[in-house]
1. From the list H110, H61, exactly one residue is in a helix (DSSP H, G or I) and surrounded by 13 or more Cβ atoms within 10 Å (Cβ to Cβ). Which is it?
2. Taking only pairs six or more apart or across chains, which ones have beta-carbon atoms under 8 Å, a first residue in the range 278-304 that is within 16 Å of the ligand (Cβ to nearest atom), and a second residue that is modelled with pLDDT under 95 and open to solvent by 30 Å² or more (accessible area, probe 1.4 Å)?
3. Every residue in the range 184-201 that is away from the ligand (no atom under 11 Å from the Cβ) and open to solvent by less than 30 Å² (accessible area, probe 1.4 Å), please.
4. Considering only residues that are in contact with a Ser or Thr (Cβ under 6 Å, 6 or more places away or on another chain) and either farther than 22 Å from R94 by Cβ or of a type outside the set (A, V, I, L, M) (or both), which ones fall in the range 15-40?
5. How about the range 393-426: which of its residues are in contact (Cβ under 8 Å) with a residue 40 or more places away in the chain, open to solvent by less than 20 Å² (accessible area, probe 1.4 Å) and not small (G, A, S)?
6. Which is acidic (D, E) and within 16 Å of the ligand (Cβ to nearest atom), of D147, D119?
7. Any residue in the range 65-84 that is assigned to a loop (DSSP other than H, G, I, E, B), touching a residue at least 60 places away in the same chain (Cβ under 8 Å) and buried (at least 17 other Cβ atoms within 10 Å of the Cβ)?
8. Taking the range 308-351 as the search range and keeping residues that are more than 16 Å from the ligand (Cβ to nearest atom) and in contact with a strand residue (DSSP E or B) (Cβ under 8 Å, 6 or more places away or on another chain), which one is nearest to C24 (Cα to Cα)?
Amino acid sequence: MADYNFDLFVIGVGSGGVRAARMCAQYGARVATAEEKYMGGTCVNVGCIPKKLLVYASHYHEDYGDARGYGWEMGQAEFNWPTLIKNKDKEITRLNQIYKGMLDQAGVTHFDGRARIIDAHHIQVGDQRVSTEKILIASGGNPTVQDIPGNEHLITSNDAFYLDALPKRILILGGGYIAVEFAGIFAGLGVETTLAYRGELFLRHFDDDVRSMVRDELEKKAIKLHFNSCVASIQKKPDGSFSATYEDGQQIETDLILAATGRLPAVADLGLEHVNVAMRDNGAIIVDEDFRTSEPNIFALGDVIDKIQLTPVAIKEAMCFASSQFLGVASKMDYENIATAVFCQPNIGTVGLTETEARSRFADIRIYLSRFRPLKHTLSGSNEQSLMKLIVDNQTDRVVGVHMVGSDAGEIIQGMAIAVKAGVTKAVFDSTVGIHPTAAEEFVTMREAVSAAG
Ligand code: NDP
C-alpha cells in the first residue's frame with residue numbers, strides 16, 4: 001500500500017464532515033480536515049442553530065401578548081436587535097470552539113484554509129501539500145439567487161443573520177423552509193413582512209392540509225402572502241429602499257429583499273476538474289449507496305450530494321460512511337421516513353407520506369384529521385389553531401404519514417417518527433393512553449376517519 005500522510009482527508013467541517021472525521025479517527029484512521037470558513041458549517045453558523053435562536057427571539061412578541069390573558073401586566077416591551085445578534089454570535093463562537101475541541105480530542109489534524117484536490121490522492125491547503133488514501137467531500141451548499149436584473153440587491157439567509165439593523169419592511173422570495181421560517185422571524189420582530197412565491201401555494205413538498213393551515217396562520221400574523229408572484233426585476237431607489245417588479249407588472253416597495261430560493265452544492269474551486277468526479281446539472285456530486293463518487297477513493301456526503309439537505313441526514317450519512325470504510329461493518333443509509341420540522345410559527349412537524357403521496361402508493365387509505373384551539377389559547381386570547389393528521393394504509397392498518405402544525409410540532413413529531421419507523425399501526429395509536437392535558441394526546445384520540453379511501 002502506498003505510504004500516504006493520511007488515511008482520510010475530509011474537506012469541510014460542517015455537520016457531516018465533523019462527524020465523519022471524528023468517527024473515522026475513533027475507528028483508528030489517521031484523519032485530516034480542512035475548512036476555510038467556520039467550524040460547524042452551515043448548521044452552526046448560518047443555519048439551524050442561529051435560526052432557532054432567532055425564532056425564539058421573535059416569539060416573545062406573542063408570548064407577551066398571551067401573558068396578559070393570564071393576568072400578567074407588563075409595560076411596553078422593547079426589542080433590541082443588536083443585543084440579540086451579539087448574544088447569538090457569542091453562542092456561535094462557543095460552538096465553533098466546541099467543534100474544534102471535538103476534532104482535537106479525536107486526534108484529527110485540522111488545516112485552516114481552502115482545500116483543493118490536486119489529484120485523487122493529493123490535496124493542497126495553502127502552501128501545504130498532503131497525500132491521503134481517501135478523500136471525503138463534505139463541503140455543503142450555498143444559497144442561490146435568481147438570475148434577474150437587480151439581483152445584486154438581494155440578500156440571502158447568510159446575510160440575514162448579520163444585519164446591522166432590522167428593516168421596516170421586508171420582501172422574502174421563495175416558498176420553502178427558509179422563506180417561511182424567516183417570514184415568522186421578521187414578522188415576530190415587528191418588520192412588515194411580505195412573502196412572494198411563484199406557485200399557487202408554498203411548501204410544495206408538504207401535505208396540502210399542512211400547507212393551507214400554515215397559509216392561514218401566517219396571514220393571521222399579518223404576513224402578506226403573494227402567491228403566483230415571481231419577481232422579474234429589482235430597482236434600488238435614491239432613498240436606499242427597493243422596488244421589486246413581479247412578472248405581471250405589479251410593483252412592491254420594500255426596504256430589504258431576502259432571496260430564499262434554494263441552496264446549491266458547494267463544488268466551486270475544490271479542484272474537481274483534476275479528478276473524475278461526476279456531478280448532476282446543479283453541481284451535486286453523484287455517489288453510490290456507499291457515498292463513493294465515480295473516482296473510487298473519493299467520497300461525498302451531506303448537502304453537497306443534494307439528497308436531503310438536513311443536518312441529521314448528513315450526520316447519519318457520516319456514521320454509515322465511517323462504519324463501512326474504517327470499522328469494517330457495512331452500513332447503508334435509510335432515507336425512508338425521515339422526520340422534519342419547519343420552524344415557521346406555528347411549527348410544522350412531519351414524518352412519512354403526504355396524503356397525495358399515500359393515495360398514489362396505496363389503493364385504500366384512511367385519514368384522521370383534527371383542527372383545534374390549543375388549551376393555552378383559551379385564556380391567551382390568541383386565535384392560533386393547531387392541526388394534526390394521520391394517514392393510514394387501510395390494508396395493513398399501518399400509519400404511513402403523521403403531520404402536525406402547532407406549537408412544539410418538531411418536538412412532538414420526533415417521538416412519532418420512532419413509531420412510524422417501527423411500523424406502527426393505527427390500532428397501536430388507539431391502544432396508547434394519552435397524556436392529559438397536552439396537544440400531543442390528540443394523536444392517540446382521533447377515532448373517526450374523515451374521508452373514505454380515495
Ligand atoms: P427549498 O428548496 O426548501 O425552497 C426553495 C423555494 O424557492 C421553493 O419554494 C421554490 O419553489 C423556490 N424557488 C426555487 N427557484 C426559484 C426561482 N428561480 N424563482 C422563484 N422561486 C424559486 O430551499 P430553502 O432555500 O428554503 O432551503 C434549502 C434547504 O435547506 C431546504 O430544502 C431544507 O432541506 C434545508 N433547510 C432545513 C431547515 C429545517 O430543517 N428546519 C431550515 C432551513 C433549510 P418551488 O417549490 O416552486 O420549486
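The values are calculated or read from the model by the stated rules, or taken from the named source; none is laboratory data. Because the structure is predicted, anything quoted here is derived from the model rather than measured. With ideal geometry, Cβ positions are generated from the backbone for all residues, glycine too; neighbour counts draw on all protein chains shown. Quick note on the areas: whole protein, heavy atoms, side chains included, nothing else; ligands and nucleic acids left out. Shrake-Rupley method; radii C 1.70, N 1.55, O 1.52, S 1.80 Å.
1. Working: H110 fails: in a helix (DSSP H, G or I).
Being in a helix (DSSP H, G or I) and surrounded by 13 or more Cβ atoms within 10 Å (Cβ to Cβ) holds for just one of H110, H61, which is H61.
2. Listed by first residue and then by second, the contacts come to nothing, as the list is empty.
3. Narrowing the range 184-201 to residues away from the ligand (no atom under 11 Å from the Cβ): 184-194.
Selection gives G184, I185, F186, A187, G188, L189, V191, T193, T194.
4. Of the residues in the range 15-40, the ones in contact with a Ser or Thr (Cβ under 6 Å, 6 or more places away or on another chain) are 15, 21, 32.
S15, A32 - these are the residues of the range 15-40 that are in contact with a Ser or Thr (Cβ under 6 Å, 6 or more places away or on another chain) and either farther than 22 Å from R94 by Cβ or of a type outside the set (A, V, I, L, M) (or both).
5. Matches in the range 393-426: V399, V400, V402, H403, M404, V405, I413, V420, K426.
6. Working: D119 fails: within 16 Å of the ligand (Cβ to nearest atom).
Just a single option satisfies the conditions, and that option is D147.
7. If we filter the range 65-84 for residues that are assigned to a loop (DSSP other than H, G, I, E, B), which is where we start, we get 69-80.
Remaining after also requiring touching a residue at least 60 places away in the same chain (Cβ under 8 Å): 69-70, 79.
Right, trim to buried (at least 17 other Cβ atoms within 10 Å of the Cβ) and you get none.
No.
8. Selected residue: F326.
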